[in-house]
1. Extension gain Ala54-Asn163, at 0.36 nm per residue separation less the Cα-Cα distance, in nm?
2. Between Phe146 and Gln43, what length in nm is gained on full extension when 0.36 nm per residue of separation is reduced by their alpha carbon distance?
3. Which three extents, in angstrom, do the Cα atoms of the stretch 43-170 have along their principal axes, listed largest first?
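Derivation of every value follows stated rules applied to the coordinates shown; laboratory data play no part. Everything numeric in this text was worked out from a predicted model, so none of it was measured.
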Amino acid sequence: MLKPWLGHYRGQPLRQGVGRMLHTMATSAQDRASLGEDGRRAQHRFLCIVQDTALAQELFTLFRARDEETQIVATEAEGLSLLLRKQWDAVLLEIRRPGRQGYAPCARVRKYWRGPLVLLLTSPAAGADVVRGYEMGADAYVMVPFDPRELVARVEALFQRSNHRASAMA
C-alpha cells in the first residue's frame, strides 16, 4: 500500500523508496509548476535533500500544507542537478555525517549558487560542527527532531531578512 505522500508521476505508479523521492514527492514541473494545493501560486520553492524517509515525509507535509512548492530528493547529485535546472528559494540539506565530509554538500551548493537559503538539518552536534556548517555557507542550523513551528519560524525569519537586504541594496 502506498503512503499518502506517495503517488503517481506522469501517470506512472511509483514504488516506495528513498531513491524514488525525486519523482514521488515532486510537484510536476509541467503540470503544476509553482502552484500550491489549491492552484494558487506557491509562496516559496523548497528543495529538500534528505535520505531519511520519515524526515522527508514530515518536510513534504509541512511545506505543502503551507502551499509551498516542495521537491524532495535523496542524493546530493539529484539535488545539484535540480539546482542547475530551476531556481529555488531555500535548500534544506540533511547532514548525516559529522566532520568536514558531512558538510561538503553545503560547500558545493554555496560554491555555485548564492541565491537560495541553505538550512542544515542534523542531529545534535558539537559546537565545532555547528561552526563548520556556517563556515561552509549555511544560513541556519536546525537540529532533528524539530518542532515544525520552529522550522517554519526560522524559514520565515530568513526570508524576511533576505528580502529586507535585497530591498535595501536596490
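1. On the way: separation 109, 0.36 × 109 = 39.24 nm, distance 3.14 nm.
Contour length minus the Cα-Cα distance gives 36.1 nm.
2. Values: separation 103, 0.36 × 103 = 37.08 nm, distance 2.23 nm.
Contour length minus Cα-Cα distance gives 34.8 nm.
3. 38, 31, 29
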